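Bear in mind these aren't lab numbers, they're just calculated from the coordinates by the rules spelled out. Values in this document were obtained by computation on a predicted structure and should not be read as measured data. Here the Cβ positions follow ideal geometry from the backbone for every residue, glycine too, while neighbour counts run over all protein chains shown.
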Amino acid sequence: MTEQPQATLDRATLERLDPTGLLADALALPEHLRDALWKAESAGLSPWESPGGLVVAGMGGSGIGGRIARAILGDQASRPVLAAGEYGLPPWTTLETTVLCASYSGETEETLACFEAAGVIGARRVVATSGGKLSELARAEGVPVLPVAGGLQPRAAVAYMTVAALEVAAMCGAGPRMHAELDVAADHLEQLVDAWGPDSGQDSEVKTLARAIHGTVPVIVGSGLTAPIAYRWKTQINENAKQHAFAGTLPEIDHNEIVGWASAERYGRFSAVFLDDCDATPRIAQRIALTRELIEDGAASTHVVSSRGQTTVERVFSLVLLGDLLSIYLAALNGVDPSQIDVLKKLKQRIAAE
């Protein structure tokens, strides 16, 4: 089979293959952060105490904000901050727990179930949504709503959902307010948009990586701070590039998954991308180097991508931006519209009809 030429990753080509503008939404991450901060402040929440910590209930692109917020807080979190992606809440949830119900559309049935369950328990509830049934229920029951900008794909609202989780964590006593750090991160992201966006050179870091892993099944590996970002990369590649991708964490994969690479070529072409962070323990850096060396024979390619920036928030969102752009560039190389998610819509319709 003759290998097809790869698309040129310039603005004109990318916009032609992306008629609904998902690329523009990804490039707007700095503005989304600033707008999310303004919306959080305008909601006028007053602090309260939740000794039981915070549960962020949400699915998919709406739920990832809780995972990212927990990573950003790190050891600054003074109480548990956990994500829940089920039809129900964790069994230890009590009336001393705050539950943030995050659903971009406001129609996610799993999140609606969590909203109801939290009400039954008597837990304090907060909602982050752009509207829908969740907003209606919240307002009817006097539950505060953190507004989210409309007109986006849920997965493009990552800044809004992360800021909402951070704001509620601060309000319920689970962590400090991060407004200054988020504002600095927005400025930093503007520089990275120039370096990695569609007008960057064809040899920019993200475009080079997209070409290198194109035609493979990427396995994204994170650790600590980068673990939820690895999962974010995996889901963005799934939805935007319309292909399989998988995520794992170090050191866990060195106790099992590393063995599977010996026969990887028998089943397909797999690439490995390790997400590194300058603040990770030196043992993780050693594991990345050694793991990469040991799996190279079975991998189509291996790569290490480092976070950028000084603060935790800067570094986290640098990798969010890079991964989002990577997934859209892979969509262009695959010749698909990154915004189309027809199978997800069919699934929701079928579930709703049952």
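What to note about this one:
- Neighbour-limited loop hits for chymotrypsin sites (Phe, Trp or Tyr not before Pro), region 51-118 (at most 15 other Cβ within 10 Å; DSSP other than H, G, I, E, B): Tyr87, Trp92
- Residue-count net charge about Lys346 - beta-carbon cut-off 15 Å; Lys, Arg +1, Asp, Glu -1: +1
- Test item: Cα-centred dipole of region 23-177, Lys/Arg +1 and Asp/Glu -1 on Cβ, debye: 220
- Folded to 0 to 90 degrees: helix 282-295 orientation relative to the chain principal axis, Cα: 40
- Using alpha-carbon coordinates, inclination of helix 109-121 to the longest axis of the chain, degrees: 30
- Mean residue ellipticity (222 nm) of the chain, computed from DSSP H runs ≥ 4 via -39,500 (n - 2.57), nearest 500: -15000 deg cm²/dmol
- Lys pairs, the chain - Cα-Cα below 30 angstrom, 8 or more residues apart or on other chains: 19
- Relative to the longest principal axis of the Cα atoms of the chain, helix 342-353 runs at roughly 30 degrees.
- For Val163, Val55, order by how many other beta-carbon atoms lie within 10 Å, fewest first: Val55, Val163
- Theoretical gain in end-to-end length, Val120 to Arg266 [0.36 nm per residue, Cα-Cα removed]: 47.4 nm
- Residues whose placed amide H lies under 5 Å from that of Phe270, excluding near-sequence neighbours: Val217, Ala300
- Leading residue at positive end of dipole, region 19-173 (Cβ point charges), from Leu166, Gly88, Ala113: Leu166
- The overall shape of region 197-334, judged from the alpha-carbon gyration tensor, is oblate: a/c is not under 1.5, and a/b is no greater than b/c.
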